[in-house]
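K.L.:
Just dropping this structure here.
The values are calculated or read from the model by the stated rules, or taken from the named source; none is laboratory data. Quantities reported herein were computed from a predicted structural model and do not represent experimental measurements. Neighbour counts run over all protein chains shown; Cβ positions are idealised from the backbone, glycine included. Accessible surface is based on the protein model in full, side chains and every heavy atom, while ligands, DNA and RNA are left aside. Shrake-Rupley method; radii C 1.70, N 1.55, O 1.52, S 1.80 Å.
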Amino acid sequence: MTQVMTLSQLLLGCLATQLQAPHPWPVPVDRVMLRAGEQVIPLLSSAGEDECCLGLGYVRVAGLSGVREATDRLATGCFQRERVLTLELGVYRCMPTPQADAIVTAEQWDVLAQKLDADYGAMEKAVCCAFDSTDDLGIGPVAVGLYEPVGPDANCLGGRMTVNIVMEACC
């Protein structure tokens with residue numbers, strides 16, 4: 001397993017823990033997973049199961065890049081192995097859906113906003129859990145990147161954030 005997957009799994013384990021009780025709206029453990037690809041799009045099964053309405057937490061490798069430009073005089077030897085790993089973590093929830101003859105109430109929107117805020121808090125705690133002590137991980141600085149809301153898309157709303165980790169590539 002590469003260092004990328006080791007760090008992804010570490011963050012995923014912490015996210016799964018933080019999305020359980022005492023989280024006021026827990027996400028089932030089997031709905032917290034690694035995802036791959038350019039973006040995470042919650043799925044709808046032919047049987048009508050909606051990943052958003054089940055709750056979805058994820059960690060995804062969002063990018064891996066060099067730290068230095070080729071023209072940097074330090075871009076030699078071991079400095080060529082420096083990388084910045086960007087992991088994305090996120091949580092999706094189901095939008096409130098009223099009866100056909102009604103609209104979503106202010107109370108339903110308030111509850112959803114509270115869920116998304118609790119999910120943001122869980123993501124922050126997951127990053128602290130995973131990378132509080134970087135000495136044993138053999139990595140450099142860790143910095144939280146952008147948090148942004150996502151959706152509405154189909155029946156989903158949520159949030160995602162990035163974490164940037166300086167690490168050494170296994171050359």
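K.L.:
Compute the signed sum of charges (Lys and Arg +1, Asp and Glu -1) over the other residues within less than 12 Å, Cβ to Cβ, of Glu38.
P.N.:
Counting the neighbours of Glu38, the net charge comes to +1.
K.L.:
Another question, if that's okay. For n ≥ 4 DSSP H runs only, could you compute -39500 (n - 2.57) per run for the chain, divide by its residues and tell me the 222 nm figure to the nearest 500?
P.N.:
Calculated at 222 nm, the ellipticity per residue is -9000 deg cm²/dmol.
K.L.:
Further question: Roughly how many nanometres apart are two label points built 7 Å out from the Cα toward the Cβ at Ala113 and Glu49?
P.N.:
Reported label-point gap for Ala113 and Glu49 is 3.3 nm.
K.L.:
Consider just the alpha-carbon atoms of the chain and return their Rg together with their Dmax, both in angstrom.
P.N.:
18.4, 67
K.L.:
Report the normalised scattering of the stretch 125-171 as log10 I(q)/I(0) at q = 0.19, 0.22, 0.24 Å⁻¹, calculated by the Debye formula with identical scatterers on the alpha carbons.
P.N.:
-0.70, -0.81, -0.88
K.L.:
Computing the accessible area with a 1.4 Å probe over protein heavy atoms, can you report the carbon and sulfur percentage for the stretch 85-124?
P.N.:
For the stretch 85-124, the apolar C and S fraction of the accessible surface comes to 53 percent.
K.L.:
Please give the per residue volume of the convex hull enclosing the alpha carbon atoms of the stretch 80-171, rounded to a whole number of Å³.
P.N.:
Taking only Cα atoms, the stretch 80-171 has a hull volume of 102 Å³ per residue.
K.L.:
Another question about this same structure. Counting only DSSP beta bridges with both residues in the chain, what percent are antiparallel, rounded to the nearest 5?
P.N.:
Here the share of antiparallel DSSP bridges comes out near 90 percent.
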